[in-house]
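Some notes on the structure that comes next.
Just so it is clear, none of the values below were taken in a lab; they were calculated from the coordinates. This one's a predicted model, so the numbers in the text were calculated from it and none came from an experiment. Heads up, the Cβs are rebuilt from the backbone with ideal geometry, glycines too, and the neighbour counts pull from every protein chain shown.
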Amino acid sequence: MEPIRYLHLQLRLEGKVIVEERFIREVEAVPGEDVPLLLIASLADGKVVAYCDEVLARDLQATLAARIAKIDFPGVDPLLDVLRKQGVPFEVGHYKTYVFPSIQVSDRNVQCLSNDDERVKTFGFDGFARQVYVIEREGRIVSACVSTREDGKCGEAWVFTAPDDRRQGLAGKVVSAWAGSLIRAGKVPFYSHKIDNLASASLAKRLGLQPVFEEIVILRA
């Protein structure tokens, strides 16, 4: 699949679509997911794409479009300067997204629990998708992975390991089990992290994940 299609799949998972090849439109309200003022993505095939909120004033859209054509990703300061001059408050997020190159083999120590299981609730993973992939020790969950969002085409991972049980490869096992379940269901499993999250970047490298895009998201503050 082309990297641009992965980007559009993930955006749809967040309740957004691209219109006229340059605007972002919200089609479904998703908790915690606002429409960005701007989204600039560097794709794995070397292309850079940019989209803006379609409700921005036309003159601001035109000014930003002129600046976008000249940026050298990830250098977006010229775009931020435009927003500052217009008095638009903003915050910036920088993320990297991967896909899994093949079906992941589940470790025998990984269990699939329902999100209404009391152990899952105690771990704090009951507010996401129905199936939660976990590793237990002495009757308590120490590591878990679940789809923070999931639809008929894809899902995005949320993984956490208890601080005292880290650096033992547990996160990789639960993430692999989660990804394998989505792939077998014909869905795309996404793994994303903030660009400065070195632990998540290291996990992606250990699992051999395939980077598909890196994005800078500029939101209203």
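Could you work out how far apart the two model spin labels at Gln61 and Arg25 are, taking each label as a point 7 Å from the Cα in the direction of the beta carbon, and quote it in nm?
1.1
Which one, Ala177, Ala162, Ala57, has the greatest fluctuation when you compute a Gaussian network model over the chain with C-alpha springs under 10 angstrom?
Ala57
With the crude spin-label approximation of a point 7 Å out along Cα→Cβ, what separation in nm comes out for Ala185 versus Arg206?
Label at Ala185, label at Arg206, 2.5 nm between them.
Go ahead and set up a Gaussian network model of the chain, Cα springs under 10 Å, then flag whichever of Pro211, Pro163, Pro101 fluctuates most.
Fluctuation is largest for Pro163.
Using the 10 angstrom Cβ neighbour count as an exposure proxy, how do Phe128, Phe23, Phe213 rank, fewest first?
Final ranking by Cβ density, sparse to dense: Phe23, Phe128, Phe213.
What size of dipole, in debye to the nearest 20, comes out for the chain about its Cα centre when the only charges are +1 on Lys and Arg C-beta atoms and -1 on Asp and Glu C-beta atoms?
Its charge dipole is roughly 500 debye.
For the stretch 1-145, what number of Lys pairs, 8 or more residues apart or on separate chains, have alpha-carbon atoms under 28 Å from each other?
Taking the Cα cut-off of 28 Å, the pair count is 8.
At what distance in angstrom do the alpha carbon centres of the stretch 120-155 and the stretch 201-219 lie from each other?
21
List the trypsin sites (Lys or Arg not before Pro) within the stretch 1-70 that fall in a DSSP loop (any state other than H, G, I, E or B) and whose Cβ has at most 13 other Cβ atoms within 10 Å.
Loop-located and lightly packed - Lys47, Lys70.
Any idea which of Phe125, Gly169, Trp158 is furthest toward the positive side of the dipole for the stretch 96-214, if Lys and Arg beta-carbons carry +1 and Asp and Glu beta-carbons -1?
It is Gly169, whose Cα lies furthest towards the positive end.
Over 22 Å, how big is the tail of the calculated P(r) for the stretch 100-186, in percent of all Cα pairs?
That tail contains 18 percent of the Cα-Cα pairs.
Arrange the following residues from fewest to most other Cβ atoms within 10 Å of their Cβ: Cys52, Cys154, Cys145, Cys112.
The most exposed by this proxy come first: Cys112, Cys154, Cys52, Cys145.
Beyond 27 Å, what percent of the Cα pairs of the chain remain?
Counting pairs separated by more than 27 Å, the tail of P(r) holds 37 percent.
Please report Ser143, Ser114, Ser200 as a ranked list, fewest other C-beta atoms within 10 angstrom at the top and most at the bottom.
Fewest-to-most ranking of Ser143, Ser114, Ser200: Ser114, Ser200, Ser143.
Given springs between every Cα pair under 10 Å in a Gaussian network model of the chain, which of Gly93, Gly32, Gly127 has the largest fluctuation?
Gly32
Please sort by residue number the GluC sites (Glu not before Pro) in the stretch 51-126 whose DSSP state is loop and whose Cβ has at most 16 other Cβ atoms within 10 Å.
Answer in residue order: Glu54.
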